[in-house]
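Scroll down for the structure; my scribbles are underneath it.
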Amino acid sequence: INSELIAQKILDAQQIGMLNRKFVLEGDYWRLISYQFLHASFRHLFFNMYAFVYLGLMIENKIGWKNFLLVYVLSGICGGLTSISFHENLYTVGASGAIMGLFGAMMALLINQFFEKSANKALLISTVFVLTIMLINGSISPMVDNACHLGGLLSGFVFTYLLVFDYRWSSKKV
């Protein structure tokens, strides 16, 4: 592959909404959302959508579609903000920040025992296992933006607490 072809691919990607610190700081705030809908490959899209369906079927049922949508989109935005905070010149695409936000939401629900007792324990173990694998993979793979993953994970956990739990009465809002 020649350098002109690579340069053209980067220009095309910039125009369609990849996340990059320079562009966001220059006012392209829409990239904090658009990058979540772009993927680097079919495999990338497939695994993100698999996780979306797997987690979505459990979480949306527990917190409602409005809260689910808010957690998903806001986690993706926070993942993007974390990414551009840590990476000066990285181009990021994918729903991984938002997907990790769903993992954060799942952890908040599991810690607060939103599921039947035996299912809760099994789901907690499997969720921690998958999260561990994903974060290890992100720390050893140069193509994975772990800053985005961690930002999404933490924000999904926090947003779920803020949207789902009523702290004045220590009860569930939903």
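The values are calculated or read from the model by the stated rules, or taken from the named source; none is laboratory data. All of these numbers come straight from a predicted model, not from anything done at the bench. With ideal geometry, Cβ positions are generated from the backbone for all residues, glycine too; neighbour counts draw on all protein chains shown. Each accessible area value is taken on the protein alone, full model and side chains, heavy atoms only, with ligands, DNA and RNA left out. Shrake-Rupley method; radii C 1.70, N 1.55, O 1.52, S 1.80 Å.
Only residues that are more than 19 Å from residue 155 (Cβ to Cβ), within 17 Å of the chain's Cα centre (by Cα) and aliphatic (A, V, I, L, M) were counted in the stretch 102-143, giving 3. Within the stretch 76-85, the set of residues being open to solvent by 30 Å² or more (accessible area, probe 1.4 Å) and over 13 Å from the mean Cα position of the chain (by Cα) comprises 85 only.
Out of 120, 137, one residue alone is without any contact (Cβ under 8 Å) to a residue 40 or more places away in the chain, on the phi < 0 side of the Ramachandran plot and either touching a helix residue (DSSP H, G or I) at 6+ places or on another chain (Cβ under 8 Å) or surrounded by 20 or more Cβ atoms within 10 Å (Cβ to Cβ) (or both). It is 120. Contact map, the stretch 150-168: residues that are modelled with pLDDT of 95 or more paired with residues that are small (Gly, Ala, Ser) and open to solvent by 70 Å² or more (accessible area, probe 1.4 Å), Cβ distance under 9 Å, separation 6+ or inter-chain. Pairs shown: 151/85. With the requirement that a residue be within 12 Å of the chain's Cα centre (by Cα) and under 16 Å from residue 144 (Cβ atoms), what does the stretch 31-75 give you? 35, 36, 48, 51, listed by residue number. On the stretch given as the stretch 95-117, residues that are outside any helix (DSSP H, G or I) and open to solvent by 20 Å² or more (accessible area, probe 1.4 Å) total 5.
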